[in-house]
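**Q** This is the structure I want to talk about, given as structure tokens.
Throughout, read-outs are computed from the coordinates displayed, never taken from laboratory work. Please read these numbers as outputs of a predicted model, since none were measured by experiment. All Cβ positions, even for glycine, are placed from backbone atoms using ideal geometry, and neighbour counts span all protein chains on display.
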Amino acid sequence: MINKIQLITYVDRLGCSTIDELTSLVKNEFDGLFGGIHILPFFNPIDGSDAGFDPIDHTQIDPRLGGWDNVKKLTQHIDVMSDLIVNHISAESKQFEDYLEKGSASDFSDLILTKEKVFPEGATAEDIAKIYRPRPGSPFTKFQFNDGSEASVWTTFTSNQIDIDVRSEMGKAYLDNILDTFQSAGVSMIRLDAAGYAIKKAGTSCFMIEQTYDFIGQLTQKAKSRGIEVLVEIHSYYRTQIEIAKRVDYVYDFALPVLVLDCLFNRSASNLIKWLQVAPRNVMTVLDTHDGIGIVDVAAENEMSGLIADEQLNEIVEKIHVNSKGESRKATGAAASNLDLYQVNCTYFDALGQDRNAYLIARAIQFFVPGIPQVYYVGLLAGQNDMKLLSETNVGRDINRHFYTIEEINTYVETDFFSDFKKLMLLRNTHKAFNGEFKLLETQASMLNITWTNQESWAMLTVDLRDMNLEIKFSDDNGESVVLFGEQ
């Protein structure tokens with residue numbers, strides 16, 4: 001994966017209706033802004049119960065968007081990342097429907113993970129209490145076979161997302177088939193979705209246990225043998241993220257979004273600086289994604305301290321709610337049908353109270369810290385909370401999943417703010433310094449000073465958090481100093 005900014009987007013929510021139209025948008029309106037694109041689930045169907053993360057057929061593109069030939073055309077222009085949904089299939093899939101019809105006689109019975117496969121002697125209340133939950137309620141759903149008998153099936157996320165037995169021969173073949181399909185289409189990177197939940201073992205949390213690391217490592221090797229790099233998506237305690245990073249190509253820096261908010265809200269970079277001193281370097285940096293703003297990634301766990309003190313973290317969450325005029329509160333936790341109670345649902349622009357200067361500083365910090373930056377399509381357009389979509393679906397994360405029209409995009413790209421944002425993005429994509437050495441200069445907590453050097457090339461970010469002043473300077477081809485933002 002080349003060291004340039006990547007776009008994260010759905011095909012059909014960025015003024016497009018097909019993959020070919022998305023290709024045109026990247027080539028024209030957004031020319032030069034991205035070195036790669038993470039296309040969020042485009043499998044059949046894109047409008048299931050979880051916006052494509054519950055595919056009926058993981059190897060079939062929703063025909064409304066196009067086909068694999070269209071993806072292949074896009075991969076010839078730009079690096080493409082696709083989701084490998086590791087943990088589950090749709091309850092409407094042919095595999096699960098056949099299982100319900102025939103039970104243990106189904107050809108797909110080995111693929112479906114039931115409660116009894118993990119707990120053959122039965123599960124105690126203590127066993128169930130140990131299981132880590134991304135959502136409230138039971139990790140199991142009872143389904144009735146055609147003959148009237150029942151089975152308790154693992155449904156980690158929703159009852160429409162049926163967990164598969166990834167350690168069975170059929171489970172391995174299922175994932176291998178998806179990898180082969182991606183390879184044929186020229187997909188160069190995959191994001192392992194929900195991989196932390198894939199391995200279940202009695203008596204454990206069934207989340208990021210030792211066997212999970214082994215599974216991720218094995219799947220990563222299978223992908224790499226096909227020329228595909230791997231990004232692992234895990235929301236968890238920050239030390240877990242550091243450990244995972246040792247075993248895969250890339251992990252997300254999910255701690256960064258809240259640490260940047262901490263900087264800007266509290267006028268201090270001390271927590272961010274501490275993180276940058278220990279953070280893995282093989283990361284994709286984000287401020288926003290199709291999910292919410294992760295809180296668990298900086299929080300304490302049991303008796304272990306987090307990256308931000310609990311009381312301060314609570315104040316940051318409350319500040320997001322205040323800045324968004326209470327809109328994020330309506331989309332978070334029990335207020336809406338959320339899968340993830342450890343996230344705050346809000347656009348990043350609204351989390352900052354629609355302060356454009358603060359938003360530009362946040363993006364500048366993201367682009368200067370180590371890692372390959374990813375920009376979510378709503379964040380690219382400095383999007384506001386979509387309360388209409390939230391009211392229609394009552395799905396909290398939809399507040400940050402707006403369906404843009406091409407007219408909205410064309411209006412935005414003509415703004416002075418986007419002009420500044422674009423300058424920042426082009427600097428990050430083209431300057432030689434960002435392929436060199438990162439250095440965090442020692443300053444007082446109210447200042448953040450980062451430099452990148454690569455032989456004679458250099459770029460420097462200075463943020464004075466006291467007055468929210470941004471300064472970016474860099475060397476030109478002649479070695480002269482150029483000011484992008486700040487005093488000339």
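**Q** If I stretch the segment between E150 and I128 completely, what's the gain in nm (0.36 nm per residue apart, minus their alpha carbon distance), one decimal?
**A** Here the answer is 6.0 nm.
**Q** What FRET efficiency comes out for the pair N3/E116, r = Cβ-Cβ distance, R0 = 56 Å, nearest 0.05? Kindly include the intermediate steps, with their values, before the conclusion.
**A** Numbers: r = 48 Å, r/R0 = 0.85.
About 0.70, to the nearest 0.05.
**Q** Restricting to Cα pairs below 8 Å that are 6+ residues apart, what does the relative contact order work out to for the range 79-212? Please round to a whole percent.
**A** Computed value for the range 79-212: 37 percent relative contact order.
**Q** Using the beta-carbon distance between E97 and Y342 and R0 = 25 Å, what value does 1/(1 + (r/R0)^6) give for FRET efficiency, to the nearest 0.05?
**A** 0.15
**Q** How high is the relative contact order of the range 168-271, in percent, with contacts defined as C-alpha pairs under 8 Å that are six or more residues apart?
**A** Numbers: 98 pairs, mean separation 24.1, N = 104.
The value is 23 percent.
**Q** Of the trypsin sites (Lys or Arg not before Pro) in the range 398-488, which ones lie in a loop per DSSP and count no more than 16 other C-beta atoms within 10 Å? Can you show the working numbers first?
**A** Values: sites: R401, K422, K423, R428, K432, K439, R466, K473; in loops: R401, R466.
Of the trypsin sites (Lys or Arg not before Pro), the ones in loops of the range 398-488 whose Cβ has at most 16 other Cβ atoms within 10 Å are R466.
**Q** In addition: For the pair S24 and S419, how long in nm is the line joining their label points, each one 7 Å along Cα→Cβ?
**A** Taking the simple label geometry, S24 and S419 are separated by 2.7 nm.
**Q** Could you check the spin-label model distance between S159 and T59? Points 7 Å from the Cα along Cα→Cβ, value in nm.
**A** Taking the two extended label points, one gets 3.1 nm.
**Q** In the structure shown, do any of K4/K439; K423/K473; K117/K224; K72/K432; K115/K222; K330/K422 have a Cα-Cα gap over 24 Å, and if so which?
**A** K117/K224; K72/K432; K115/K222; K330/K422
**Q** Take the Cα atoms of the range 111-166, build their convex hull, and give its volume per residue in Å³.
**A** 100 Å³
**Q** What full-extension length gain, to one decimal in nm, is calculated for E169 and E480 as 0.36 nm per residue of separation minus the Cα-Cα distance? Write down the numbers at each step before the final one.
**A** Details: separation 311, 0.36 × 311 = 111.96 nm, distance 6.06 nm.
That works out to 105.9 nm of additional length.
**Q** Next up: For the chain, list log₁₀ I(q)/I(0) at each q in 0.11, 0.12 Å⁻¹, using the Debye formula over Cα point scatterers of equal strength and ignoring solvent, two decimals each.
**A** -0.93, -1.11
**Q** By per-residue mean of other Cβ atoms within 10 Å, what is the highest-first order of 260-268, 135-143?
**A** Details: 260-268: 21.7, 135-143: 15.9.
Most protected by this proxy first, the peptides run 260-268, 135-143.
**Q** Write down the percent of antiparallel bridges among all DSSP beta bridges whose residues are both part of the chain, to the nearest 5.
**A** 55 percent
**Q** Among 402-408, 454-460, how do they line up by average Cβ neighbours within 10 Å per residue, starting with the highest?
**A** Most protected by this proxy first, the peptides run 454-460, 402-408.
**Q** Another question, if that's okay. Return the calculated 222 nm mean residue ellipticity for the chain, to the nearest 500 deg cm²/dmol, obtained by summing -39500 (n - 2.57) across DSSP H runs with n ≥ 4 and dividing by the residue count.
**A** -9500 deg cm²/dmol
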